[in-house]
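Below: one structure, written as structure tokens.
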Amino acid sequence: MSSVVKVSETAAALPRAWSSTVLGRVGTAAVKVLRMDALPVEEERHAEPEALLVLDGRLELDVEGEAVTVGPGEMYVVPAGTAHAVRPGSSGTLVIVEAEAEAEADASDQSGDGPSHGEPAR
């Protein structure tokens, strides 16, 4: 049986910004949470689409050269293969839903510690 997940508390307990943890799985999709800070994150692409849901604060994105702002309670879906980067000024709590290949999902750590979502640009 599933239990209630305290998303905001889980995000607040993370050791550093942009380090995600897996809250749960739906099929092959991982539901992750992370804290954002003002630092940019380098461009990345994913083989599958990813949903970005801002719980509080705001997410400043560059999606294939276009500025996109996602506010509290808003969600943006990044299509598969689309180049996207986090622009400076993002802050708050972000939930990410991303599909993973079955082998990748099976191999990932079931303890809840997920990989960082990109690395902040320095």
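The values are calculated or read from the model by the stated rules, or taken from the named source; none is laboratory data. Note that the structure is predicted; figures quoted are calculated from it, not measured. No Cβ is skipped: glycine too gets one built from the backbone with ideal geometry, and neighbour counts run over all protein chains shown. With ligands, DNA and RNA removed, areas are computed over all heavy atoms of the protein, side chains included. Shrake-Rupley method; radii C 1.70, N 1.55, O 1.52, S 1.80 Å.
Once neighbouring chains are kept in place and the probe is 1.4 Å, which whole percent of the accessible area of the stretch 21-105 is contributed by carbon and sulfur?
The value for the stretch 21-105 is 54 percent carbon and sulfur by accessible area.
Sort 83-92, 18-27 by the packing proxy (mean of other Cβ within 10 Å over each peptide's residues), most packed first.
Going from most to least packed, we get 83-92, 18-27.
Just need the relative contact order of the stretch 1-107 here, percent rounded to a whole number, with Cα pairs under 8 Å and 6+ apart.
The normalised contact order for the stretch 1-107 reaches 32 percent.
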